[in-house]
Amino acid sequence: KNQVEQSPQSLIILEGKNCTLQCNYTVSPFSNLRWYKQDTGRGPVSLTIMTFSENTKSNGRYTATLDADTKQSSLHITASQLSDSASYICVVSAGKTSYDKVIFGPGTSLSVIP
Amino acid sequence: DTAVSQTPKYLVTQMGNDKSIKCEQNLGHDTMYWYKQDSKKFLKIMFSYNNKELIINETVPNRFSPKSPDKAHLNLHINSLELGDSAVYFCASSRGPRTTSRSGELFFGEGSRLTVL
């Protein structure tokens, strides 16, 4: 069964600290993995995309890693800011047919406090 | 300029009513989607259109009927609303239907929060 799990469910950190969010997936055949950020009351916005051959991708203070062997990804946030408070959603695309399957994780809710 | 815009942002209505949500994208994308985000924050695909043609129709009650008059617009009409329909509905678009490609990035609207009383 195609599934995406994320941990922790929620996280509170102090401003300026680093944190790492986890994503485990059982999706086949794997195509790519994206991390989306969803601010409260807004739609999700893509942060990074990684394909099978890529094991790290950075976007400013966000660094995503992918281990296709263990089917795990992580999103590391450096020097957190209050504006990083949001839900972070791991999204995995599967399939090589004309219309592909996109599986969303439940998200990790991050709160950055002063 | 808003890339994917949907209206209304909030909708409060009584059970049994019929309501519509409209969506427009100005990104020149070929593919548009409707997603439902429930109270547990899971995003679930409902429908997808590619160039006005329905390509994904997940297990959704037939009270939900999408309509795509052109590739820049995708509307969602809901008949006989039920309490369980309360959720946030997101419209999204992508350059093409192949989410396995880099052009498969989804661009979401701000969401329409539907509350059924």
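Under the rule a/c < 1.5 gives rounded, and otherwise a/b versus b/c splits prolate from oblate, where does segment A:1-59 land using the Cα gyration tensor?
Verdict is prolate for segment A:1-59.
Which value, in debye to the nearest 20, describes the size of the charge dipole of chain A about its Cα centre when Lys and Arg Cβ atoms bear +1, Asp and Glu Cβ atoms bear -1, and nothing else is charged?
The calculated dipole for chain A is roughly 180 debye.
Give me the lysines in straight-line cross-link reach of B:Lys41: C-alpha distance below 24 Å, same-chain residues under 8 apart excluded.
Candidates past the 8-residue exclusion: A:Lys1, A:Lys37, A:Lys71, A:Lys101, B:Lys9, B:Lys19, B:Lys22.
Compute the whole-percent fraction of alpha carbon pairs in chain B spaced more than 16 Å apart.
56 percent
For the peptides B:106-116, B:61-71, what is the packing order when you average, over each peptide's residues, the other Cβ atoms within 10 Å and list the highest mean first?
By packing density, highest mean first, the sequence is B:106-116, B:61-71.
If you count, for every residue in B:79-92, the Cβ atoms of partner chains within 10 Å of its Cβ, what is the mean?
1
Using the Cα centre as the reference, give the magnitude of the dipole from point charges on the C-beta atoms of segment A:54-114 (Lys, Arg: +1; Asp, Glu: -1; all else neutral), rounded to the nearest 20 debye.
Using Cβ point charges on Lys, Arg, Asp and Glu, segment A:54-114 gives about 100 debye.
Looking only at other chains, what is the average number of their beta-carbon atoms within 10 angstrom of each beta-carbon in A:38-44?
Counting Cβ atoms of other protein chains within 10 Å of each residue's Cβ and averaging gives 6.
Based on the mean of other Cβ atoms within 10 Å per residue, sort peptides B:7-20, B:29-42 so the most packed one is first.
Ranked from most to least packed, the peptides come out as B:29-42, B:7-20.
Per the Kirkwood formula on distinct C-alpha pairs, the Rh of the protein assembly as shown is how many angstrom?
Hydrodynamic radius (Kirkwood, Cα only) of the protein assembly as shown equals 18.2 Å.
Counting other beta carbons within 10 Å of each Cβ, put B:Val88, B:Val60, A:Val92 in order, fewest first.
Lowest to highest Cβ neighbour count: B:Val60, B:Val88, A:Val92.
Go from 0 up to the bin containing the longest alpha carbon distance in segment A:13-106, width 10 Å each, and give me the % of pairs per bin.
Percent of pairs per bin, in order: 16, 48, 28, 7, 1.
Inside 10 Å of the C-beta atoms of A:23-29, what's the mean count of C-beta atoms belonging to other chains?
0
Select from A:Asn24, A:Asn55, A:Asn32 the residue whose mean-square fluctuation is largest in a Gaussian network model of chain A (Cα-Cα springs shorter than 10 Å).
A:Asn55
Computed from the coordinates by the stated procedures, all read-outs in this text should not be read as laboratory data. Values in this document were obtained by computation on a predicted structure and should not be read as measured data. Virtual Cβ from ideal backbone geometry, glycine too; neighbours counted across all protein chains shown.
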